[in-house]
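Below is one structure, written out as structure tokens; comments come after it.
The values are calculated or read from the model by the stated rules, or taken from the named source; none is laboratory data. If you're wondering where the values come from, they're calculated on a predicted model, not measured in any experiment. Here the Cβ is made from the backbone with ideal geometry for all residues, glycine too, and neighbour counts use every protein chain on show.
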Amino acid sequence: MILKQKTVVFLLLLLILSACHRNPLNINISNIESNLRILRLDQDLFTVTPENIHRAIPELEKKYRPFFDVYNKEVLAIGDSRDTLYGGYLLTFLKDPNSSKAKLKADSVFSNFKPLTSQFEMAFKHYRYYYPGLPVPKICTYISGFNQSIVTTPGILGISIDNYLGADCPFYRQLGVYEYKRRNMDPKNIVYDGMFGLASQQFEYKGNTENLVSSMIYQGKLLYFLDAMIPDGPDFLKIGFSEEQLNWCKEHETEMWSFLVEKKLLFSGDRMELVRFVNPAPFTTQFGQKSPGRTGVWLGWQIVKSYMKKNPGVKLQGLMEENDYHKILNESGYSPD
């Protein structure tokens, strides 16, 4: 009898410990439909030939507008599809050897698009859980000529798949892309970059002041959004670090925070300080070459996590709508030791 009682107590303790460590963002999405649609502009565009161009362009306009306008004007920079010279510019782009090689490589890397589709479906099931009243944007893949990786327009999340051909793709070395950027030009980064781009478009910076800590926390909110959309995803992919760089941040969290506090940088509005700690870079100069760039963003993410843990009544929607970044800092109780 005593043995059974001990077993029951032990099981109850296990349940309590499990509940304490359970990720609150691991929610039940089994009954949620993603309603995801994927449009392959990269496939449709390269069917255009001199023989069919007059018929093909109106078909592309009908299928892809308004994104087609943004793609032509801002990504390819070849003008409006209704301009008289547009057809010639488009054919020049399609026949360019770099475009052709990028298309062939993309066809090889993404010969099976189902894994990416499944990842996006899971992410957008989480999105619909938190935002059931908002439509799920269509995913539109395209060849950009190695330009913008992610482009968002109302109702469309555009992804330049030629920017995700693998970190070792020789094209990127030939183009002189830095190693720290090449690391994230891989298919495994697409869903993370796509959902981060969606969050950046949907939740723009609206702080009353722009200082370092506000920028850090704003970026931290976007990363927490990724935590909610891809709760089982590794943190290093969410922020675009290597695993070693992520571990470096964990090991030096206290020192980094103390540096910003002691140097009175948190409330600095100096644009260069924001660049040093928030913008992508091979490393953070003040913390040495073993550190990653964007260490301020990682710290902002930890502040947001602390805030959400200390304020369990705040849901994701409330966090993303909260634009008082100093309030988030004050109520986070963040104090690494």
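Scanning the range 99-133 for residues that are over 19 Å from the mean Cα position of the chain (by Cα) and free of Cβ contacts under 8 Å to residues at least 60 places away in the same chain turns up SER99, SER100, LEU104, ASP107, SER108, SER111, ASN112, LYS114, PRO132, GLY133. Can you tell me which residues in the range 277-291 are out of contact with any Asp or Glu (no Cβ under 9 Å at 6 or more places or on another chain) and either crowded, with 18+ Cβ neighbours inside 10 Å or not in a helix (DSSP H, G or I) (or both)? Residues satisfying the conditions are PHE277, VAL278, ASN279, PRO280, ALA281, PHE283, THR284, GLY288, GLN289, SER291. PRO170 - would you say it is surrounded by fewer than 17 Cβ atoms within 10 Å (Cβ to Cβ) and in contact (Cβ under 8 Å) with a residue 40 or more places away in the chain? Answer is no for this residue. Evaluation of PRO154 against the conditions (1) surrounded by 15 or more Cβ atoms within 10 Å (Cβ to Cβ); (2) in contact (Cβ under 8 Å) with a residue 40 or more places away in the chain; (3) closer than 22 Å to LEU198 by Cα shows that the sole unmet condition is (1). Considering the range 93-137, and only residues there that are part of a helix (DSSP H, G or I) and in contact with a strand residue (DSSP E or B) (Cβ under 7 Å, 6 or more places away or on another chain), the residue that is nearest to LEU226 (Cα to Cα) turns out to be PHE120. The single condition among (1) exposed (fewer than 15 other Cβ atoms within 10 Å of the Cβ); (2) more than 26 Å from ALA167 (Cα to Cα) that ASN112 does not satisfy is (2).
State all residues of the range 77-93 that are loosely packed, with under 14 Cβ neighbours inside 10 Å and not charged (D, E, K, R); if no residue qualifies, say none. Scanning the range 77-93 gives ALA77, THR84, LEU85, GLY88, THR92. Among the numbered conditions (1) part of a helix (DSSP H, G or I); (2) without any contact (Cβ under 8 Å) to a residue 40 or more places away in the chain; (3) over 21 Å from the mean Cα position of the chain (by Cα), the only one that LEU260 does not meet is (2).
Taken together, the residues in the range 35-76 that are in a loop (DSSP other than H, G, I, E, B), in contact (Cβ under 8 Å) with a residue 60 or more places away in the chain and of a type in the set (A, V, I, L, M) amount to 2. Summed over the range 173-185, the residues that are within 16 Å of the chain's Cα centre (by Cα), surrounded by fewer than 18 Cβ atoms within 10 Å (Cβ to Cβ) and among the polar types (S, T, N, Q) give a count of 0.
Of the residues ALA123, ALA106, ALA102, only one is over 15 Å from ILE161 (Cβ atoms), at pLDDT 95 or above and surrounded by 13 or more Cβ atoms within 10 Å (Cβ to Cβ); which?
ALA123
Given (1) in a helix (DSSP H, G or I); (2) under 18 Å from the mean Cα position of the chain (by Cα); (3) farther than 25 Å from PHE203 by Cα, identify the lone condition not met by LEU90. For LEU90, the exception is condition (2).
If only residues of the range 209-230 that are assigned to a loop (DSSP other than H, G, I, E, B) and more than 16 Å from the chain's Cα centre (by Cα) are counted, the one that is farthest from LEU265 (Cα to Cα) is THR209. Of the residues SER34, SER30, the single one that is out of contact with any strand residue (DSSP E or B) (no Cβ under 6 Å at 6 or more places or on another chain), surrounded by fewer than 16 Cβ atoms within 10 Å (Cβ to Cβ) and under 24 Å from PRO234 (Cα atoms) is SER30.
Scanning the range 138-172 for residues that are over 15 Å from the mean Cα position of the chain (by Cα) and part of a loop (DSSP other than H, G, I, E, B) yields ILE143, SER144, GLY145, PHE146, ASN147, PRO154, GLY155, LEU165, GLY166, ALA167, ASP168, CYS169. Scanning the range 247-285 for residues that are farther than 19 Å from TYR178 by Cα and aliphatic (A, V, I, L, M) turns up MET256, LEU260, VAL261, LEU265, LEU266, MET272, LEU274.
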